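Accompanying notes for the structure given below.
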Amino acid sequence: MSPLKRPVVLDNAVVSRLYSAGVLHRALQVRPKSNFRVTEQVAEEAKQWRTEGQRLAKLLRELEAAGILMFVSVDESSEVEIWTYAGLLLENRLGREESASIALACHRGFD
């Protein structure tokens, strides 16, 4: 049984490494559908990958259409989520995608 009991938010490092290894689709099928979340920031950064961005973006859309993952974004109506996201960005140690992933995980109870 998996130690992860809640939905899992994936940042760009995880998505890109699984994709580079050719196992992204297979790795995300180890849990029930819709248990993985990818932020809009991660999806946008994936598109910027010069050599693989278009293919990765297409695969992410296919995984969403199949119900394997869900795209999420920082809730602009949630003051707590916005402040967490902004605070992480202002520390200048994390990028937009990592900051968004952490803010969502903290405030929505994701792993």
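The values are calculated or read from the model by the stated rules, or taken from the named source; none is laboratory data. Every value quoted in this text rests on a predicted model; they were computed, and no experiment measured them. In this analysis, Cβ positions are derived from the backbone assuming ideal geometry, glycine residues included, and neighbour counts consider all displayed protein chains. Quick note on the areas: whole protein, heavy atoms, side chains included, nothing else; ligands and nucleic acids left out. Shrake-Rupley method; radii C 1.70, N 1.55, O 1.52, S 1.80 Å.
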Reach of residue 47 by Cα under 23 Å, taken over lysines that are not fewer than 8 positions away in the same chain: 58
Relative compactness, segment 5-93, computed as alpha-carbon Rg over 2.2 N^0.38 Å: 1.14
Highest-fluctuation residue, 14, 42, 72 considered, GNM on the chain with Cα pairs under 10 Å: 14
Using θ = phi - 60° and Karplus 6.51 cos²θ - 1.76 cosθ + 1.60, couplings along segment 57-63 (whole Hz; Gly, Pro as x): 4, 5, 5, 4, 5, 5, 5
Solvent-accessible area per residue, Å², over the chain with all protein chains present [probe radius 1.4 Å]: 61 Å²
Theoretical gain in end-to-end length, residue 34 to residue 93 [0.36 nm per residue, Cα-Cα removed]: 18.3 nm
Range in the chain, longest, excluding exposed trypsin sites (Lys or Arg not before Pro) [loop by DSSP; at most 13 other beta-carbon atoms within 10 Å]: 51-92
Amide H partners (placed H, <5 Å) of residue 9, local residues excluded: 37, 111
Residue-by-residue Karplus 3J(HN,Hα) for segment 67-82, coefficients 6.51, -1.76, 1.60, Hz, glycine and proline x: x, 7, 9, 10, 7, 9, 9, 4, 7, 5, 8, 9, 4, 5, 5, 4
Accessible surface of the chain, 1.4 Å probe, proportion on carbon and sulfur as whole %: 54 percent
